[in-house]
Amino acid sequence: MSTSPKHPNDYRRTMILLLSILFLAIFGIMIWYGGRQGSYKMLANATGRIGLVLAALWIAWPSLQRPIRWLPPSIAVAGVIALGVVAAQPRLVLVAVPALCTLLALTTFVRSMKR
């Protein structure tokens with residue numbers, strides 16, 4: 001009986017699954033016993049959302065292990081920063097999106113010149 005070698009990060013995917021199940025179980029228990037009270041409802045909704053996001057992350061984990069070859073790492077970081085800026089000040093979307101697109105075009109141009 002041979003077993004295939006596991007990727008060294010497989011424990012992370014298992015932990016994500018267990019945390020997702022835990023948060024969704026807490027959500028179910030709080031909805032079942034907490035009823036419609038305001039503080040319980042807010043906390044239950046938060047745990048439900050976290051559980052669903054972790055479940056989506058667990059499903060997408062294998063594809064997240066492979067890097068995107070066409071996307072430079074600096075653009076991914078700039079995208080996360082731009083998303084944070086837009087989340088804090090939604091009016092800055094008019095500045096953040098063109099800046100991100102310009103950075104992507106410039107980075108793509110520079111990478112194509114290296115080849």
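Ordered from longest to shortest, the equivalent ellipsoid semi-axes for the chain are 36, 27, 7 Å, each the square root of 5 times a Cα gyration tensor eigenvalue.
In the frame of its principal axes, the range 73-114 has Cα extents of 37, 17, 5 Å, reported largest first.
Among Phe109, Phe23, what is the fewest-to-most ranking by other Cβ atoms within 10 Å? Walk me through the numbers before you get to the answer.
Values: Phe109 9, Phe23 20.
Ascending Cβ contact count within 10 Å gives the list Phe109, Phe23.
Mean shadow of the range 10-65, computed from the convex hull of its alpha carbons, in nm²?
Reported value for the Cα convex hull: 3.5 nm².
For the chain, what's the relative contact order in percent, using C-alpha pairs closer than 8 Å and at least 6 residues apart?
Details: 58 pairs, mean separation 23.8, N = 115.
Relative contact order here is 21 percent.
Taken as entire DSSP H runs, the helices of the chain that both span 15 Å or more between Cα atoms along their own long axis and average 1.0 or more on the Kyte-Doolittle scale are 10-34, 73-88, 93-114.
The relative contact order of the range 10-65 comes to 46 percent, based on Cα pairs under 8 Å that sit 6 or more residues apart.
We did not get these values from a lab; they are worked out from the coordinates using the rules stated. Owing to the predicted nature of the structure, the values given are computational and were not obtained by experimental measurement. Neighbour counts run over all protein chains shown; Cβ positions are idealised from the backbone, glycine included.
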